[in-house]
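Everything below concerns the one structure shown next.
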Amino acid sequence: MAHFDENAKPFGNKWLDERIGLNTLTRVLQTEYWIPKDINFLWAMGMVLAATFGVLLLSGIFLLMYYKPDANLAFDSVNYTIMTEVGYGWLWRHVHGVGASIVFLIIYIHMFTGIYYGSYKRGRELIWLSGMALFVAFSAEAFSGYMLPWGQMSYWAGMVITNLFSLGSIEAYGLVEWIRGDYVPGDAYLTRFFMLHVLLIPLVIIGLIVLHFGTLRLPHVNNQEGEDFDYKEAADLYKAGKVKESKVIPFSPVFLSKDIFVMGVYFILFFYLVFYNFEFAMDPVNFDPADGLKTPAHIYPEWYFLWSYEILRPFNKDIGLIAFGVAQAALFFLPFIDRSPVVAPAHKRKLFNIWFWALVVIMIALTALGKLPPEGIYNDLGLFFAVAFLCMGPLLVWITIKEKNEMKGA
Ligand code: HEM
């Protein structure tokens, strides 16, 4: 029998299935991709993130048509051409600015949901690692984008952050200059960050999103009770029409319709911010053009980097850098620091619950302090919370080993 049906209608279902395995793809990625029923709206945050990334890409493409990557023209191309001359240029800019800020809020909610429910364990370690790689890539994307309007904060935050590559008292100044392409941020610096922002990092992000989705497919997403059940059995029940008895639903169209509902609510809030409250995403200091001879009184990063910045700041340069590295690495390797096999929501794990909420409080405190000038009591509090954050890793090891031993004893 011929392998291909000569009579199949071109671009019809059968025709495409014979050429690209359309039916298999639909089954694997949609109709037989089983999602547990016992999950809440927090499980829609991943799709909300993907959609926000789409909005950032689209608005970025429009901005790219008028932006000028030149240290003499960049500021005016954004603040004058795009904001006042281009039809709806202001709208694309506000969508892009609000999107860049809100995407981090959703990333943090998504990460903390994962921590709360222990979703980085039991076969889901690679989901977490690819997620953390996405976090790093989004951070690099946000930082490089922040350089582009070439305002005072772009310039000086760029100066401070690239100075970190002098590696404390190692003073690797050759490295800093290599990154900047000059002694101080200038034209070479701006054009390379432009390239990173519009090409290289978005490509990496797209690759990482595909990887993140790939790592999700086999372990399936976690559920509110951390229950591990037989997916095949549950899927068979569903397919046999016992929808109520089954613990799963298919990703598409059933779960996807719930995702789309949450996205709808999210985008109402999103566009409310775009039209009525966009100022929170725009630093007033950045409405002054970059000036290498006029240092702003107080240099700080955007809100989503403040907790990291505050871990670095209260120490001297060397210890600050080490503390910063340790904090990032601890978050990255969380699935291996957590020694407990228990997958359950935090409110069912006494000590872990206290640890989780302490982590939330510490990160909010660090974020608030990062925006304040490093003086007097703020400096002392900054040091206290930075040390507290660093203690959270060892504390988690201790709590989870204790939990593991209790399980063995039970
Ligand atoms: C920024 C781009 C990201 C996108 C587009 C994305 C997308 C998704 C999607 C669609 C899911 C499945 C549904 C859900 O649980 O929401 C998911 C799950 C997950 N993501 Fe992400 N994610 C991103 C970033 C991150 C980050 C930064 C982390 C943490 C380091 C992370 C960790 C996880 C974990 C642990 C799960 C599994 C949740 C579970 O099993 O219940 N993701 N992600």
Once amide H atoms are built 1.01 Å from N in the peptide plane, which residues 5 or more positions from ALA290, or in another chain, come under 5 Å H to H? GLY151, GLN152
Contact order relative to length of the chain, as percent, for alpha carbon pairs under 8 angstrom and 6 or more apart: 23
Alpha carbon centre of the stretch 100-169 versus the stretch 10-75: separation in Å? 21
Rounded, prolate or oblate, given the Cα gyration tensor of the stretch 260-410, with a/c below 1.5 counting as rounded? oblate
With the cut-off at 1.5 for a/c, could you classify the stretch 1-139 from its C-alpha gyration tensor as rounded, prolate or oblate? oblate
The set of residues whose placed amide H lies less than 5 Å from the amide H of VAL248, leaving out same-chain residues fewer than 5 positions away, is LYS37
Cβ crowding within 10 Å averaged over residues, with 115-124, 74-83, 321-330 ranked highest first: 115-124, 74-83, 321-330
Residues with beta-carbon under 14 Å from that of THR24, excluding THR24: net charge, scoring Lys, Arg +1 and Asp, Glu -1? +1
Once phi for every residue in the stretch 26-39 is put through the Karplus expression 6.51 cos²θ - 1.76 cosθ + 1.60 (θ = phi - 60°), the whole-Hz ³J(HN,Hα) values, with Gly and Pro written as x, are 4, 5, 5, 9, 10, 6, 10, 9, 8, 10, x, 6, 7, 9
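Going by a ≥ b ≥ c, the root eigenvalues of the Cα gyration tensor, does the chain fall in the rounded group (a/c under 1.5), the prolate group (a/b larger than b/c) or the oblate group?
Oblate, since a/c reaches 1.5 and b/c is not below a/b.
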In sequence order, calculated HN-Hα J values of the stretch 94-100 (Karplus, 6.51, -1.76, 1.60; Hz; x Gly/Pro): 5, 4, 5, x, 5, x, 5
Counting other C-beta atoms within 10 Å, and keeping those with at most 10, which DSSP coil trypsin sites (Lys or Arg not before Pro) do you find in the stretch 1-109? none
Check each of the GluC sites (Glu not before Pro) in the stretch 302-400 and keep only those in coil by DSSP with at most 13 other C-beta atoms within 10 angstrom; list them in order. GLU375
Once the Cα atoms of helix 125-147 and of the chain are each reduced to a long axis, what angle between those two axes, in degrees from 0 to 90 to the nearest 10, is obtained? 30
Would you please name the trypsin sites (Lys or Arg not before Pro) within the stretch 207-268 that are DSSP coil residues with at most 12 other C-beta atoms within 10 Å of their C-beta? LYS242, LYS244
Return a whole-number percent for the relative contact order of the stretch 305-410, with Cα pairs under 8 Å and 6 or more residues apart as the contact set. 42
Which angle from 0 to 90°, rounded to the nearest 10, does the C-alpha axis of helix 152-163 make with the longest principal axis of the chain? 80
If you fit an axis through the alpha-carbon atoms of helix 350-371 and take the longest principal axis of the Cα set of the chain, what angle between them do you get, 0 to 90°, nearest 10? 30
Using θ = phi - 60° and the Karplus form 6.51 cos²θ - 1.76 cosθ + 1.60, what ³J(HN,Hα) does each residue of the stretch 69-76 get, whole Hz, x for Gly and Pro? x, 9, 4, 8, 10, 4, 4, 5
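Read-outs: derived from the displayed coordinates by stated rules, not from any lab. For clarity, every value in this text was computed on a predicted model and none was experimentally measured. FYI the Cβ positions are ideal-geometry reconstructions off the backbone, even for glycines, and counts take in every protein chain you see.
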